[in-house]
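Beneath this line is the structure, given in structure tokens, with notes to follow.
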2 protein chains.
Amino acid sequence: MIRCTECALRRTGAFKPLDEEDILYIDAMKRAHLALPAGAEIIVPGAENTELYTLYSGWAYRYKELPDGRRQILHFLLPGDLIGLQAAMSEVPLYGVIALTPVSICVLPRKRIWNLFGTMPELAFDVTWLGAREESHVDENLTTVGRRAAAERIAALLVGLYRRLLGLGLVSEGNSFALPLTQQHIADALGLSLVHTNKTMARLRRLGFYSQSDGMVTLPNPHALESLSQFDALDDRLRPLI
Amino acid sequence: MIRCTECALRRTGAFKPLDEEDILYIDAMKRAHLALPAGAEIIVPGAENTELYTLYSGWAYRYKELPDGRRQILHFLLPGDLIGLQAAMSEVPLYGVIALTPVSICVLPRKRIWNLFGTMPELAFDVTWLGAREESHVDENLTTVGRRAAAERIAALLVGLYRRLLGLGLVSEGNSFALPLTQQHIADALGLSLVHTNKTMARLRRLGFYSQSDGMVTLPNPHALESLSQFDALDDRLRPLI
DNA sequence: CGCGGCCTTGAAGTGATTCAACTTGGGTGG
DNA sequence: CCACCCAAGTTGAATCACTTCAAGGCCGCG
């Protein structure tokens, strides 16, 4: 099990530095470090006693499903994101979380979250902060789905992921990054049909907005995508990591 | 100014009972009690130093706007809801909040929120809980906009509001309640055009799913609307009130 | 009386969905 | 080792839900 004192994520510089004391507290709170394969269900809708997790590496997504099977992806999760805060607060999660790639996650038993509030107010504040930030992401996604046209939606998705990955050091030379999403995932996140997603993406590629090969996406001109999508970026100041 | 010890909202029975001590703490934290007219901007996008509020009476909505003017309503706010938690956590709000009716709100200076975390862990937990609950509402709205057809969206909106108002004691005999929304608000919340919203609502009325007169909406059969919309209700256990 | 906000309705246009078929590539089992 | 299979991507065609444009009605208010 990886100790929080040796957390590779912290060393990316994307996160707010913490006192040694705080890190040790988080380390004590951490119960396990799990590795799960792609497709694993990290949070199951309706399941009781869900734990809180921090995504350490890999991608995941949070989704809701209607009784008749229609699915909406609410949010993509990247390293450093909390998983299951809502579920840990209320009794039962109304959503699910599934790993998109092989992931590794830190397990923070929900009961200890309560202790955190009692003894480490600054860390408790950070948890709330992360929850608020996640809500901002959902806000932006709702705006995308509600008010942007198909091409703008895809542009907004690509730019949003690009910016988040940039902060994590996961974008390489020439603005390219690994994108482990199928077109079905993209369609489900953007409220589009699979076919229309495919055709719209093909058009954006033809127009040179992005290119794709071998699971990697390249954005030759992120600014062009950004203005196409009218994307509203979150401030990228340092954020806490629990 | 209304003292928290005499809070009429608490007496509705919709909220988690608190110790006298906690109520006095909140009362001390409260800086003012404002009355604002319909249309007032409670949170202005991009404004610095926004405070945290609790909506005491009336309706409001939270929204985002694209640079070109398209608007998405993210969430409707009803009495007891926190206003501006996200804004209070990060520096600058990425969204706005506007009063739909005349409202009265309790002002909780953001600096004192930090004290709350230091001295009143249980209340701090409640704040986080309320933030998580709000995110659940946005999740549901995203699912509505992304994956439901127009008639389903309207049904989901009506049922969602109905259930929330029911808990607050704001639904009267025969399942009717005041709905201070124009069709433009509904269109902006559901990601539809005004014209299509109008036609779809007319159809639902013709089919007897709801009726409207004098600013009041009546749901003769909430269950029918609920199954039309496949609405995913939040648990309606007691929630905290700060 | 006239104006503006809100609701309503018809008609035309289009962006997105649905249906259907075919390609490609990696993985598996005979 | 090849045949087959299945998941994922692609493409064309028909249809439909929703948007846009346009016009008119109702009502409260200055």
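The values are calculated or read from the model by the stated rules, or taken from the named source; none is laboratory data. Nothing here was measured: the structure is a model prediction, and the numbers come from that model. Positions of Cβ are backbone-derived with ideal geometry, glycine not excepted, and every protein chain shown enters the neighbour counts. All accessible areas refer to the heavy atoms of the entire protein, side chains included, with ligands and DNA or RNA removed. Shrake-Rupley method; radii C 1.70, N 1.55, O 1.52, S 1.80 Å.
Write out, first by first residue and then by second, each pair whose Cβ atoms fall under 9 Å of each other, whose residues are 6+ apart or on separate chains, and whose first residue, in the stretch A:23-35, is over 14 Å from A:ILE105 (Cβ atoms) while the second is hydroxyl-bearing (Ser, Thr, Tyr) and open to solvent by 20 Å² or more (accessible area, probe 1.4 Å). From residues that are over 14 Å from A:ILE105 (Cβ atoms), the pairs are A:ILE23/A:THR5; A:LEU24/A:THR5; A:TYR25/A:THR119; A:ASP27/A:THR5. If only residues of the stretch B:186-215 that are within 13 Å of another protein chain (Cβ to nearest Cβ) and more than 9 Å from DNA strand D (Cβ to nearest atom) are counted, the one that is surrounded by the fewest Cβ atoms within 10 Å (Cβ to Cβ) is B:ILE186. Selection of the stretch A:31-61 for residues being part of a loop (DSSP other than H, G, I, E, B), of a type outside the set (Phe, Trp, Tyr) and within 25 Å of A:LEU165 (Cβ to Cβ) yields A:PRO37, A:ALA38, A:GLY39, A:ALA40, A:GLY58. Being at pLDDT 95 or above, in contact with a Gly (Cβ under 9 Å, 6 or more places away or on another chain) and of a type in the set (A, V, I, L, M) holds for only one residue in A:LEU190, A:LEU207, A:LEU194, A:LEU228, and it is A:LEU190.
Apart from one condition, A:ALA124 fits all of (1) outside the structural domain of A:ALA8 (by TED's automatic domain parsing); (2) surrounded by 21 or more Cβ atoms within 10 Å (Cβ to Cβ); (3) of a type outside the set (S, T, N, Q); (4) without any contact (Cβ under 8 Å) to a residue 24 or more places away in the chain; the exception is (1).
Conditions tested, residue by residue: (1) farther than 30 Å from B:ASP68 by Cβ; (2) within 9 Å of chain B (Cβ to nearest Cβ).
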| position | (1), (2) |
| --- | --- |
| A:HIS33 | yes, no |
| A:GLU41 | yes, no |
| A:PHE76 | no, no |
| A:ASP139 | no, yes |
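Are any residues in the stretch B:190-221 of a type in the set (S, T, N, Q), in contact with a helix residue (DSSP H, G or I) (Cβ under 8 Å, 6 or more places away or on another chain) and not in a strand (DSSP E or B), and if so, which ones? Once the filter is applied, which keeps residues that are of a type in the set (S, T, N, Q), in contact with a helix residue (DSSP H, G or I) (Cβ under 8 Å, 6 or more places away or on another chain) and not in a strand (DSSP E or B), the stretch B:190-221 yields B:SER193, B:THR197, B:ASN198, B:THR200.
Every condition in (1) open to solvent by 20 Å² or more (accessible area, probe 1.4 Å); (2) farther than 25 Å from A:ASP236 by Cα is met by A:THR101 except one, and the failing one is (2).
B:ARG239 falls short on exactly one of the conditions (1) within 16 Å of DNA strand C (Cβ to nearest atom); (2) open to solvent by less than 40 Å² (accessible area, probe 1.4 Å); (3) within 14 Å of chain A (Cβ to nearest Cβ), and that condition is (1). Of all the listed residues (A:GLY80, A:GLY69, A:GLY13, A:GLY96), the sole one being at pLDDT below 95 and closer than 24 Å to A:SER136 by Cα is A:GLY13. Can you tell me which residue is nearest to the other protein chains (Cβ to nearest Cβ) among those in the stretch B:173-185 that are in a loop (DSSP other than H, G, I, E, B) and away from DNA strand D (no atom under 16 Å from the Cβ)? Looking at the filtered set, the residue picked out is B:LEU181. Looking at A:ASN115, A:ASN141, just one residue is of a type outside the set (Ser, Thr, Tyr), within 16 Å of DNA strand C (Cβ to nearest atom) and open to solvent by 30 Å² or more (accessible area, probe 1.4 Å), and that residue is A:ASN141.
Remark: pairs (first residue in the stretch A:170-187, within 15 Å of DNA strand C (Cβ to nearest atom); second residue open to solvent by 40 Å² or more (accessible area, probe 1.4 Å); Cβ separation under 8 Å; 6+ apart in sequence or on different chains) = A:PRO180/A:ALA38; A:PRO180/A:GLY215; A:GLN183/A:LEU194; A:GLN183/A:ASN198; A:GLN184/A:LEU194; A:ALA187/A:SER193; A:ALA187/A:LEU194; A:ALA187/A:HIS196.
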